[in-house]
Amino acid sequence: MTEAVLAVDLTCNRIAEAVLDRDGKILVRRTERLETYSPEPALRQIGRIAGELAKIGRGYRLVAAGIALDEIVGRDGTLKSEVETWDKLSLARRASQRLKMPVAIETTCRAAILGECWRGFGRGKADVILLQVGQKIQAAILASGKLLRGAHDLAGGAGWMAVSEADGFEVRKFGGLEAFTSAAGVVRAAKNAIDAGFGGAMAEYVAEAFTAEDVAELARRGDLAARQIFRRIGKTLGLAVANLISLCDPQVVVLGGELMAASDLFWDELANTAVGRCQPLASRKVRLRISGLGADAPLLGVGHLAWNLLEKPEEKVLEEKRNGTAPGGFSHRQTKSAKKFSLAVAR
């Protein structure tokens, strides 16, 4: 019977699970609404879905699991959350006890960059940045093959990048970049335009049900007010990417997240701004790419971590994270195209 791993992407309202082979091929998957965003109910639901997937795919045996979630995962493996039930939780141990197999956990965005470096545009590269643009703006940074966490596990808070002199409630609450370029920022910009009297066709929509997808649809139809919103988003994101390139000198910057579904409306503005405003030598070398993995990136990332657990016990991995001595390199069997990629966790 073929060995496989379980990959889980957990959000506050959704669970996506997939079974992966050693090459990162998704054998079977399931996505459903999360019943309750609390550890025990969520783990029960994860276990139930895993059992159902195991019945569907009788030709494999689950040997390890990985869970990505939108909480901060500390270098010691415990969670840092504003939600009391998740804060200071050792989720990997709890999940391992319930699923009866070793479990790795990681923050969603960091899991996504691992997925990109395993099976996406980061493959074979040691210096990669992933910028996720969706309801939140987050980044993950791989520098010299090592995942950057920061002194307090907070590295990657790209939503708080200061990209203009704008200030106000939204900027102080969400961050300078996220306030204007997230999916929620698109809706806020549309409502502000409507209130100011130049919302164009956007004014015909019911304000309470207005979405970023609605604004994108109007922009593609040629509505000038909607198109202007996305041009500003492209410019602002371009400035943020320029800063990231100049600071980190990556080989590639991958952009993912829900809002990239509307990238046709702002990609040229983003790319031209990023390359035109970053460090000149870096601008000639860096490549900008839209993620081809999409929502599968976090699943592939934690799937990779799950395979690594089979080569190295969880206790050893956590000890190396705490001491900052985690070595580089894929430790599970891999395809030839991936062997040169070095991956570790750095302090």
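The values are calculated or read from the model by the stated rules, or taken from the named source; none is laboratory data. Keep in mind that what you see is a predicted model, and the values were worked out from it rather than measured. Don't worry about glycine lacking a Cβ; one is built from the backbone with ideal geometry, like all the others, and counts go over all protein chains shown. Quick note on the areas: whole protein, heavy atoms, side chains included, nothing else; ligands and nucleic acids left out. Shrake-Rupley method; radii C 1.70, N 1.55, O 1.52, S 1.80 Å.
Tally the residues that are open to solvent by 10 Å² or more (accessible area, probe 1.4 Å) and either of a type outside the set (K, R) or assigned to a loop (DSSP other than H, G, I, E, B) (or both), restricting the search to the range 126-152. Lay out the reasoning, then the answer.
Going through the range 126-152, the residues open to solvent by 10 Å² or more (accessible area, probe 1.4 Å) turn out to be 126-127, 132, 135-136, 138, 141, 143-144, 146, 148, 150-152.
In the following step, the residues that additionally are either of a type outside the set (K, R) or assigned to a loop (DSSP other than H, G, I, E, B) (or both) were identified as 126-127, 132, 135-136, 138, 141, 143-144, 148, 150-152.
Qualifying residue count, the range 126-152: 13.
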**Study point:** Search result, residues across the range 1-21 that are part of a loop (DSSP other than H, G, I, E, B) and either under 10 Å from Y60 (Cβ atoms) or among the polar types (S, T, N, Q) (or both)
**Key:** M1, T11, N13, D21
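With the structure loaded, tell me whether F198 is surrounded by 14 or more Cβ atoms within 10 Å (Cβ to Cβ), more than 21 Å from F169 (Cα to Cα) and of a type in the set (F, W, Y) or whether it fails that test. Write out each step before concluding.
Values: surrounded by 14 or more Cβ atoms within 10 Å (Cβ to Cβ): no; more than 21 Å from F169 (Cα to Cα): yes; of a type in the set (F, W, Y): yes.
Taking the combined requirement at face value, the residue does not satisfy it.
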Practice item. Considering only the range 22-61, state which residues are touching a residue at least 24 places away in the same chain (Cβ under 8 Å) and either part of a loop (DSSP other than H, G, I, E, B) or touching a helix residue (DSSP H, G or I) at 6+ places or on another chain (Cβ under 6 Å) (or both). Key: R22, D23, G24, V28, L34, Y37, S38, L43, G47, G57, G59
Practice item. Answer with yes or no whether A203 is open to solvent by less than 50 Å² (accessible area, probe 1.4 Å) and in a helix (DSSP H, G or I). Key: no
Review point. What number of residues in the range 62-95 are open to solvent by less than 30 Å² (accessible area, probe 1.4 Å) and either free of Cβ contacts under 8 Å to residues at least 40 places away in the same chain or among the polar types (S, T, N, Q) (or both)?
Key: 3
Review point. Looking at the range 220-244, which of its residues are over 22 Å from A166 (Cβ atoms) and surrounded by 16 or more Cβ atoms within 10 Å (Cβ to Cβ)?
Key: D223
Practice item. Please specify each residue of the range 113-125 satisfying the condition of being open to solvent by less than 10 Å² (accessible area, probe 1.4 Å) and assigned to a loop (DSSP other than H, G, I, E, B). Key: G122
Check your understanding: Just one of the numbered conditions (1) touching a residue at least 24 places away in the same chain (Cβ under 8 Å); (2) closer than 28 Å to S38 by Cβ; (3) outside any strand (DSSP E or B); (4) open to solvent by less than 40 Å² (accessible area, probe 1.4 Å) is not true of A155; which one?
Key -> (1)
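Do we have G51 as modelled with pLDDT of 95 or more, open to solvent by 10 Å² or more (accessible area, probe 1.4 Å) and more than 22 Å from W118 (Cα to Cα) here? It would help to see each step written out before you state the result.
On the way: modelled with pLDDT of 95 or more: no; open to solvent by 10 Å² or more (accessible area, probe 1.4 Å): yes; more than 22 Å from W118 (Cα to Cα): yes.
Judged against the criteria, G51 is not a match.
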Revision key, fill the gap. Of the residues in the range 38-56, those that are touching a Phe, Trp or Tyr at 6+ places or on another chain (Cβ under 9 Å) and either farther than 18 Å from A92 by Cβ or of a type in the set (D, E, K, R) (or both) come to A54
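Tally up the residues in the range 253-300 that are among the β-branched types (V, I, T) and crowded, with 21+ Cβ neighbours inside 10 Å, please. Step through it out loud before you land on a result.
First, pick out the residues of the range 253-300 that are among the β-branched types (V, I, T): 253-254, 273, 275, 286, 290.
In the following step, the residues that additionally are crowded, with 21+ Cβ neighbours inside 10 Å were identified as 253-254, 286.
Number satisfying all stated conditions: 3.
Just wondering, is there one or more residues in the range 259-275 that are under 16 Å from V128 (Cβ atoms), out of contact with any strand residue (DSSP E or B) (no Cβ under 6 Å at 6 or more places or on another chain) and in contact (Cβ under 8 Å) with a residue 24 or more places away in the chain?
Keep residues of the range 259-275 that are under 16 Å from V128 (Cβ atoms), which gives 274.
Next cut, out of contact with any strand residue (DSSP E or B) (no Cβ under 6 Å at 6 or more places or on another chain) only: 274.
Add one more test, that the residue is in contact (Cβ under 8 Å) with a residue 24 or more places away in the chain, and what stays is 274.
Yes, that holds for at least one residue.
Go through V171, V163 for me and flag whichever is open to solvent by 10 Å² or more (accessible area, probe 1.4 Å) and in a loop (DSSP other than H, G, I, E, B). Lay out the reasoning, then the answer.
Working: V171 fails: in a loop (DSSP other than H, G, I, E, B).
Just a single option satisfies the conditions, and that option is V163.
For the structure I just gave you, tell me whether E269 is among the charged types (D, E, K, R), within 19 Å of the chain's Cα centre (by Cα) and farther than 21 Å from A143 by Cβ.
Numbers: among the charged types (D, E, K, R): yes; within 19 Å of the chain's Cα centre (by Cα): no; farther than 21 Å from A143 by Cβ: yes.
Criteria not met by E269.
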